[in-house]
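Reviewing the structure listed below.
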């Protein structure tokens, strides 16, 4: 979900693992030559999702790394399949209250630029939660965790997953 900490946690996990870090949203902006908000405005969500799928496939094909995806990447079954079969996918679970606290002032998130962004966040969670759980190998509950504890828990769970 937007604001769950994917990029922040992902960067630190990559650093600790000695892997490259890629932010899918930043890669989309680089490829599009504009912000995601501008891409949404200019081309619409379908074009954005097409580009998102292309960028995700490209990042996964580059080999071992930590990739922070956009929250809506799971909306396409092909993306879910790619994440399930070619990655160790981690879902950072955060309460709606925490997510709202983190994103309420962020104007760069086009899907939340509506009359009632808090309600829209609830709708996104309702729609995406089952898809996140279907896709993820690991679910890490972020509630009440400090950043260091969250990174440590993620690292430990990834190590355990890889040993299976």
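Values quoted throughout were computed directly from the atomic coordinates according to the rules given, and no laboratory measurement underlies them. Here the structure is a predicted model, which is why all the values come from computation and not from measurement. In this analysis, Cβ positions are derived from the backbone assuming ideal geometry, glycine residues included, and neighbour counts consider all displayed protein chains.
Details
- For the stretch 2-37, taking the residues that are in contact with a strand residue (DSSP E or B) (Cβ under 8 Å, 6 or more places away or on another chain) and touching a residue at least 60 places away in the same chain (Cβ under 8 Å), the one that is farthest from residue 123 (Cα to Cα) is identified as 17.
- Of the residues making up the stretch 102-118, those that are touching a residue at least 60 places away in the same chain (Cβ under 8 Å) and in a helix (DSSP H, G or I) number 5.
- Test: residue in the stretch 55-63 that is loosely packed, with under 15 Cβ neighbours inside 10 Å and on the phi > 0 side of the Ramachandran plot: yes
- Just one of the listed residues (83, 98) is in contact with a helix residue (DSSP H, G or I) (Cβ under 8 Å, 6 or more places away or on another chain) and not in a loop (DSSP other than H, G, I, E, B), and it is 83.
- When restricted to residues that are in contact (Cβ under 8 Å) with a residue 40 or more places away in the chain and either surrounded by 15 or more Cβ atoms within 10 Å (Cβ to Cβ) or under 16 Å from residue 69 (Cα atoms) (or both), the stretch 119-154 contains 18.
- Enumeration of residues in the stretch 9-35 that are closer than 16 Å to residue 55 by Cα and within 14 Å of the chain's Cα centre (by Cα): 21, 22, 23, 24, 25, 26, 27, 28
- Selection of the stretch 62-81 for residues being more than 21 Å from residue 11 (Cβ to Cβ) and without any contact (Cβ under 8 Å) to a residue 12 or more places away in the chain yields 77, 81.
- Residues within the stretch 1-34 that are in contact with a helix residue (DSSP H, G or I) (Cβ under 6 Å, 6 or more places away or on another chain) and part of a loop (DSSP other than H, G, I, E, B), tallied: 3
Residue-by-condition table, conditions (1) out of contact with any strand residue (DSSP E or B) (no Cβ under 8 Å at 6 or more places or on another chain); (2) under 20 Å from residue 138 (Cα atoms); (3) surrounded by 13 or more Cβ atoms within 10 Å (Cβ to Cβ):
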| position | (1), (2), (3) |
| --- | --- |
| 40 | yes, no, yes |
| 43 | yes, no, yes |
| 53 | yes, no, yes |
| 72 | yes, yes, yes |
| 76 | yes, yes, yes |
| 86 | yes, yes, no |
| 101 | yes, no, no |
